Each structure stands twice: as C-alpha cells, then as structure tokens.
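Chemist: Below are the structure tokens for one structure; questions will follow.
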Amino acid sequence: MAKIQVVDQNNTKVGDIELAPEIFEVEIRPEILQLVVRSQLAARRSGTHATKTRTTVRGGGRKPWRQKGTGRARAGSMRSPLWRGGAIVFGPQPRDYSFKVNKKIRRLALKMALSSRLSEDKLRVVKGIELSEIKTKAFADVADKLGMGGKTLIVAKDADKNLLLSARNIPGVKVLEADRLNVYDVLLYPELILLEGAANDVQERLK
C-alpha cells in the first residue's frame, strides 16, 4: 500500500495518507486510456455540421434549357452537384458522435490515470486550501508555496466558491469537484493535487 505525505497549504508536512493499491497501483494499459479519452471527446462534439443536398438547396426548379437541339449536355436543374452553387453529394449531416464504454472500463481507466500520476511522482495530497476571500493573488501565493510550476489539476471534495473563483484566472490551473473527476482531465494536467477530503472520497468511489 502506497503511503504519501500530506502537506498543508504552506507546504508543511502534517501527516501521511495511505492510498489503496487497487486504485493507485494499477497496471497501466494505454489502449484502455485511449478508448475512454476518445469516448469523452466524442461525447463533447455537437455534431451540428450540415451540407445541403438536392432536396434542400434553394432554386433549380426550372430546366435550364430544352432537352434536345442545343448541342449541350442534358441538364435538368441548375442545382445539380456538378454545377457551381449546386448541391453537395454525401456531405456531412447532423449526427451523434458519442459511443458507449462500459462503466467497468471507465472506472478501470480512471484508476490507471491516477496510478500513472502516482508512479511519475506527480500526485500530491494537500490537507486543504482555505481562502478567506475571493482573490486571485491569495491563491497565487498558495500556488507558489505549493510549487505549482505548470498545468495543475486540483481536486476538491466540495465546490469551495472562494477556491473556484480565485483559481480560475491562473493559467493552467483547474479546480474540479471529486465527483466530476475524469480520465481526460487527469491525463491533460501533468500535476495532480488531491485535497485530503477528495482523496478519501475518490477512494471510496472507486473501491
């Protein structure tokens, strides 16, 4: 069982926490992570793209010229796909891009993502981040003490308004509630910070 230290928002050690090996020490299989990430991104697509077919393009009701005797090729509509301003053949139409991934696979992928962060020593547990007011500078001071150098995902147990609003103007930092934790965000942000309450919540959720 992995044991890592818990620090406060001043980066001072205040204790240790044991992380369940069945969640944070899972064998990583890239093909499963890739499948779940593709599923998440596909579900976000609006799928509202559309082109006009011969039935929807405007005009073309009159035959351009008579069938015979002109020396030109036969034409029945000015909106033929062969003509400029005409319809599109087999163009994209509105569709749903989402596809189903079993719940068991999604849970396994999240365990793998968390395990990858722990194995890379990119996962830290912080007892809590408490801000007395909504102020970006106050959060920036905490981030500096915790050594947040690059893109960082902070997972909190509950939506703390002061934390959410103070952190949103810091480039590369995202605060997420524990029940919204997902594979894509864990993999997108190289640094992962779990607030202590969220760490226990995530372990209970994935056991």
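Chemist: Once R0 is set to 22 Å, what does the formula 1/(1 + (r/R0)^6) return for the Cβ-Cβ distance between Glu18 and Lys151, expressed as a FRET efficiency to the nearest 0.05?
Modeler: Details: r = 27 Å, r/R0 = 1.24.
E between Glu18 and Lys151, to the nearest 0.05, is 0.20.
Chemist: Using 7 Å Cα-to-Cβ label points, what is the Phe99/Arg72 separation (nm, one decimal)?
Modeler: A separation of 4.7 nm, rounded to one decimal place.
Chemist: What whole number of Å gives the distance from the Cα centroid of segment 91-127 to the Cα centroid of segment 155-207?
Modeler: Answer, in whole Å: 14.
Chemist: By how many nm would the segment from Ile28 to Trp65 grow when fully extended, if each residue of separation counts as 0.36 nm and the alpha-carbon distance is taken off?
Modeler: 6.6 nm
Chemist: Could you calculate the contour length gain from Thr51 to Asp179, that is, 0.36 nm times the residue separation minus the distance between their Cα atoms, to one decimal place in nm?
Modeler: Numbers: separation 128, 0.36 × 128 = 46.08 nm, distance 3.92 nm.
Full-extension gain reported as 42.2 nm.
Chemist: Could you pull out the GluC sites (Glu not before Pro) across segment 24-96 that fall in loop regions by DSSP (anything but H, G, I, E, B) with no more than 11 other Cβ atoms inside 10 Å?
Modeler: Values: sites: Glu25, Glu27, Glu31; in loops: Glu25, Glu27.
The qualifying sites are Glu27.
Chemist: Here's another thing I want to ask about it. In segment 23-99, which trypsin sites (Lys or Arg not before Pro) are in a loop and have at most 14 other Cβ atoms within 10 Å, using DSSP for the loop call? Mind showing how you got there, number by number?
Modeler: On the way: sites: Arg38, Arg44, Arg45, Lys52, Arg54, Arg58, Arg62, Arg66, Lys68, Arg72, Arg74, Arg79, Arg84, Arg95; in loops: Arg45, Lys52, Arg54, Arg58, Arg62, Arg66, Lys68, Arg72, Arg74, Arg79, Arg84, Arg95.
Those satisfying the criteria are Arg45, Lys52, Arg54, Arg58, Arg62, Arg66, Lys68, Arg72, Arg74, Arg84, Arg95.
Chemist: On a full-extension model of 0.36 nm per residue, what is the gain between Glu120 and Ser80, subtracting their alpha-carbon distance, rounded to one decimal in nm? Mind dumping the intermediate values first?
Modeler: Numbers: separation 40, 0.36 × 40 = 14.40 nm, distance 5.87 nm.
Contour length minus Cα-Cα distance gives 8.5 nm.
Chemist: Right, next: Can you give the convex hull volume per residue for the Cα atoms of the chain, as a whole number of Å³? Walk me through the numbers on the way to the answer.
Modeler: Working: hull volume 37.1 nm³, N = 207.
About 179 Å³ per residue, rounded to a whole number.
Chemist: In nm, give the distance between the simple-model label positions of Arg107 and Ala140, each being 7 Å from the Cα along the Cα-to-Cβ direction.
Modeler: 4.3
Chemist: Ignoring chymotrypsin sites (Phe, Trp or Tyr not before Pro) that are buried or in helix or strand per DSSP, and keeping those with at most 14 other beta carbon atoms within 10 Å, what is the longest stretch of the chain between them? If you can, show how the numbers build up before the last one.
Modeler: On the way: sites that count: Trp65, Trp83, Phe90, Tyr97, Phe99.
Excluding the exposed sites themselves, the longest stretch runs over 100-207.
Bear in mind these aren't lab numbers, they're just calculated from the coordinates by the rules spelled out. These numbers come from a predicted model, not from an experiment. Using ideal geometry, Cβ is built from the backbone for each residue, glycine included, and neighbour counts are taken over all protein chains shown.
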